[in-house]
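Step one of this worksheet: look at the structure below.
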Amino acid sequence: MPVVRQRGKRRGLRAIAAPFTVAVPSGARIRDRLRVSADDAEVLRLVGAHNGRLQRGDLARRVALGDVKGRDARRSGRKRGLTAGSSSRWAGAMTRTSEDQYQLSLRCLHDERAQLRRTIRAVEQRLAAPVGARAGRVRGYADRHERHQKQRRLRALRTRLARTEKLIEQGRPGIVVGGRRLLKLRHSLEQAGLTEAQWRQRWSAARLFLTADGESGAPFGNYTITVSPDDGSVTLVLPEPLRHLANAPRGRYRLACTVTFHHRREEWFDRVSAHQTVRYDITHDPVRDRWYLDASWSTGTTPLPSPQDLKNAGARLLGVDLNADHLAAAVLDSHGNLIGQPHTVHLELAGPTATRDGRLRQAITHLIALARERGCAGIVIENLGFDDARATGRETMGRGRRGRTFRRTVAGIPAGRFRERLRSMAYHAGLVVVAVDPAYTSRWGGRYWQSPLQQQSPTAVVTRHHGAAVAIGRRGLGHRIRCRPGATAHHRRMAGRRATGQIGPDPGPRGSTSPPRTAGTPQPGDRTRPCRRDPLVPPRPRRPSARPPDQPSGMRSSANTGQQR
């Protein structure tokens with residue numbers, strides 16, 4: 001936390017967290033389209049609706065138990081009750097899904113409570129300050145009308161906080177199967193441009209349950225939903241009340257279509273051929289009227305090198321600064337020097353969700369290609385979250401039109417999605433992702449590195465974001481961000497700019513002793529630096545004369561030259 005400024009003292013900087021290597025993805029998920037017939041689609045709707053009713057009932061029973069330990073959740077008893085209406089494997093997937101939904105909702109309640117507390121604290125601090133003035137570093141509200149509105153908002157926030165704390169204490173979060181947003185859309189169909197039938201179709205599709213957990217040793221890794229690697233045929237077990245619809249032996253239904261996974265097909269083929277666990281999910285998109293089959297499995301954890309290991313190995317890193325409309329990147333060597341020119345990857349995040357995600361993937365692909373082309377071992381990014389900014393944005397990120405524009409810009413930066421996509425794609429490309437503390441990177445990057453980078457790359461347009469990319473990369477390597485004054489500048493004819501004060505091997509130990517010299521070694525003299533303002537090398541102390549006191553000043557020692565002037 002920042003230190004409160006006192007009169008006559010400089011404000012201290014907050015502690016900088018150490019860089020760390022981002023963990024690799026713990027699983028894989030691939031998708032293919034099911035080109036089902038009308039009869040197949042009707043059977044899938046019946047099975048999904050039947051299983052969905054059973055799963056929602058089990059979820060209600062799980063929520064009624066409250067926040068209890070795993071052994072007190074009565075999962076075995078609930079599974080036995082569901083088996084009579086479906087099957088043992090369908091029931092196991094239902095109870096597991098109910099537990100996952102409950103735990104996720106409980107974590108969301110804890111996050112909401114923390115966010116409300118941060119917002120209430122920020123509003124109370126500003127209400128304690130006088131109107132139109134400051135109380136230390138806290139600025140009061142502009143006028144009495146705004147202060148009155150904030151008082152009303154504070155009461156509403158406290159009411160929400162009390163309700164959230166009560167739900168946490170009871171251990172009964174509110175869960176809407178199908179999504180709360182879609183549920184609220186029912187009351188504003190005209191604004192959404194939907195009819196009641198269209199909304200009902202989306203609502204029914206979101207509440208289908210066609211999830212089958214894999215089982216090691218089962219045929220092709222999953223007995224409930226089985227995909228044959230030979231011909232791509234898909235079969236699934238029908239629940240007990242729907243066994244009359246079976247068209248395959250042992251109460252199973254075979255779809256008329258086949259599946260061919262293209263992405264990561266080799267990994268999926270190896271798993272199903274060895275009868276290892278594979279989970280399948282069948283979903284329906286009512287807008288396009290398409291059915292999809294998702295296959296997912298867990299992957300083994302691989303030990304990754306730490307940032308210190310990358311530095312000791314002399315690896316190059318690509319520092320990346322994430323912005324609302326572009327990515328600024330810079331390639332650094334192990335000493336923190338810029339290699340080549342800084343790069344800019346344009347990022348346009350307008351349009352539907354699928355379009356934004358595709359453009360984000362394209363930008364990450366460009367970054368990975370750049371890192372592999374320049375021989376980088378990893379990519380360094382900021383550990384951004386924007387939790388505090390979203391919670392206290394109205395109070396700390398400006399007001400009026402300019403404040404709203406800035407808050408909208410911050411909300412539009414895909415920090416979480418960028419990190420998850422980059423982590424997965426970089427892992428498959430053989431790169432390591434290092435996350436660093438985002439404190440002061442943009443400020444110090446623009447102050448210390450924008451001008452040197454512009455001098456080194458006169459043909460490119462260098463912004464403060466490129467300086468931030470250099471600062472991010474240097475922090476990932478364990479170097480200091482702020483450049484020491486007096487670094488050697490760009491040589492006009494030979495070498496490039498030496499941008500830092502600690503490039504290359506560490507300086508030798510200081511003292512009165514000096515390395516042995518030969519007769520041809522020139523005398524260093526007093527001047528050991530090209531400019532008095534360059535503090536890189538301290539002036540070497542003059543060695544005392546070794547000649548005897550009675551030797552004339554024009555005579556040299558015979559041990560050195562063997563002759564007399």
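No value in this document is a laboratory result; all are computed from the given coordinates. This one's a predicted model, so the numbers in the text were calculated from it and none came from an experiment. For neighbour counting, all protein chains shown are included, and Cβ atoms are generated from backbone atoms with ideal geometry for every residue, glycine included.
Miscellaneous remarks
- Model label zone, Lys166; criterion: amide N under 16 Å from point 7 Å along Cα-to-beta-carbon; scope segment 89-124: 113
- The H on the amide N of Leu322, modeled in the peptide plane, is under 5 Å from the matching H of Glu382, each at least 5 residues off or on a different chain.
- P(r) histogram, all alpha-carbon pairs of segment 293-338 included - 5 Å bins from 0, percent: 5, 16, 16, 14, 12, 13, 15, 6, 3, 1
- Model label zone, Gln308; criterion: amide N under 19 Å from point 7 Å along Cα-to-beta-carbon; scope segment 15-33: 16-23
- Rounded to whole numbers, the Karplus 3J(HN,Hα) couplings from phi for segment 166-179 are 5, 5, 5, 5, 6, x, 10, x, x, 10, 10, 6, x, x Hz, using 6.51 cos²θ - 1.76 cosθ + 1.60 with θ = phi - 60°, and x at Gly and Pro.
- Sites Arg480 and Arg200, calculated FRET efficiency, Cβ-Cβ separation with R0 51 Å, nearest 0.05: 0.25
- Lys, Arg +1 and Asp, Glu -1 on Cβ, resulting dipole of segment 120-245 about Cα centre, debye, nearest 20: 1720
- Straight-line cross-link reach from Lys79 at under 27 Å between alpha-carbon atoms covers these lysines, not counting any fewer than eight positions away in the same chain: Lys69.
- Annotation: extensible slack from His110 through Asp72 equals 11.5 nm (criterion: 0.36 nm per residue apart, minus Cα-Cα distance).
- If you take all other residues with their beta carbon under 13 Å from the beta carbon of Val272, and give Lys and Arg +1 and Asp and Glu -1, the sum is -2.
- All aspartates and glutamates inside 17 Å of Lys166 as judged from Cα atoms, apart from same-chain residues fewer than 8 positions distant: Asp67, Asp111, Glu112
- Loop sites in segment 224-286: trypsin sites (Lys or Arg not before Pro), DSSP, at most 15 other Cβ within 10 Å: Arg250, Arg264
- Percentage relative contact order, segment 255-378, counting C-alpha pairs under 8 Å, at least six apart: 16
- The ellipsoid equivalent to the alpha-carbon distribution of segment 1-159 has semi-axes of 51, 22, 19 angstrom, derived from the gyration tensor eigenvalues as √(5λ) and listed largest first.
- Positive-end residue, segment 76-120 charge dipole about Cα centroid, Cβ charges, pick of Leu82, Thr97, Leu116: Leu82
- Each Lys or Arg adds one and each Asp or Glu takes one away; over the other residues whose Cβ falls under 14 Å from the Cβ of Arg172, this sums to +1.
- In order along segment 292-304, the Karplus-derived 3J(HN,Hα) couplings, from 6.51 cos²θ - 1.76 cosθ + 1.60 at θ = phi - 60°, round to 10, 10, 9, 10, 9, 7, 8, 10, x, 7, 10, x, 9 Hz, and Gly and Pro are given as x.
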